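Shown next, in structure tokens, is the structure this report addresses.
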């Protein structure tokens, strides 16, 4: 008898560059194709070049992509019906949901469609509701925490049973962030920066969570001592218009226009990291930041706030600096230390690169997910490839 492959579908918010989505986009193509057929389904459709590029890349890797095209706060029943038909028509064995909205719609629909197993990755330490998790818990085969910090949050705040949680640390394709052969002057010119610039980069959508307002304050302090430093804030500036407005106002009020630059969404993150002198993650809370792993893999010295799992990834003073959140003065101090001491910055960057290669590889991520899937399907009657 020919045994069919296990069909796994990841359900995400959209084909965007958020951390949870990026994790899925790396994980899906890395899975064993002899055993697994992988689908990626998005709740919403962006309908832009970013979505087109992401879907094209996944399809070329043999991953089938689908969008429910759900509108915000609308089409609830329609989305459930669409997802129900997708699960049933494709014979999905495992639905793996990511983030609160996909969790809610995915788990309810999978129950109706009698999908054999449902996995759920918790990606952050905020944004989830204990009461809702109490309802969804019986519909969930297994939860995955992306770090120990997130696991504690799940147990203490969301009241998810310890026995249902497995920790699988986030990971990245380190090969995409090895030292790239970049023409630094040409890249700086493309970004509108002078050829002798020192570049401080923060990457992440502009929301309250990401703490960009404190980076602007740190930039003001730093620029009092350095005349050749430029700050890039790379990420979607349309998610929270009020926060974006506040960040732009702070830049304007402090006279930092042209020195603190909001680039919007960029598809060339590896290249930007290649010309970055210091990477900063000024977040107020986090799960386990994918872009932090990317910066470290690229060999960029990092300064991060002591929130979420940042301190699990960065050993303070060894593979980067860890500072308290909402402390622009200390943030600026650590940035300046790295700028004035290139030797120490290089040593930290190399320690960071080694740490990512050893503990946060994509191969490890795929293997751990595959083992969980196989264990969960044993005894279900599903025919799986041994």
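The values are calculated or read from the model by the stated rules, or taken from the named source; none is laboratory data. Since the model is a prediction, treat every value here as computed from it, not as a measurement. Cβ atoms come from the backbone with ideal geometry, glycine included; neighbour counts cover every protein chain shown.
So here's what we get for this one:
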read-out: Of the criteria (1) part of a helix (DSSP H, G or I); (2) farther than 18 Å from residue 98 by Cα; (3) touching a helix residue (DSSP H, G or I) at 6+ places or on another chain (Cβ under 8 Å), which one residue 81 fails; value: (3)
read-out: Which listed residue is in contact with a strand residue (DSSP E or B) (Cβ under 7 Å, 6 or more places away or on another chain) and closer than 21 Å to residue 334 by Cβ, from 229, 174; value: 229
read-out: Meets criteria (in contact with a helix residue (DSSP H, G or I) (Cβ under 9 Å, 6 or more places away or on another chain), closer than 30 Å to residue 291 by Cα and surrounded by 19 or more Cβ atoms within 10 Å (Cβ to Cβ)) for residue 143; value: yes
read-out: Residue 91 vs. criteria surrounded by fewer than 16 Cβ atoms within 10 Å (Cβ to Cβ), outside any helix (DSSP H, G or I) and in contact with a strand residue (DSSP E or B) (Cβ under 8 Å, 6 or more places away or on another chain); value: yes
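Listed here are the residues, each with its yes/no results for (1) outside any strand (DSSP E or B); (2) out of contact with any helix residue (DSSP H, G or I) (no Cβ under 8 Å at 6 or more places or on another chain); (3) outside the structural domain of residue 145 (by TED's automatic domain parsing); (4) crowded, with 20+ Cβ neighbours inside 10 Å.
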| site | (1), (2), (3), (4) |
| --- | --- |
| 17 | yes, no, no, yes |
| 23 | yes, no, no, yes |
| 26 | yes, no, no, no |
| 37 | no, yes, no, no |
| 56 | yes, yes, no, no |
| 59 | yes, yes, no, no |
| 73 | yes, yes, no, no |
| 104 | yes, no, no, no |
| 115 | yes, no, no, yes |
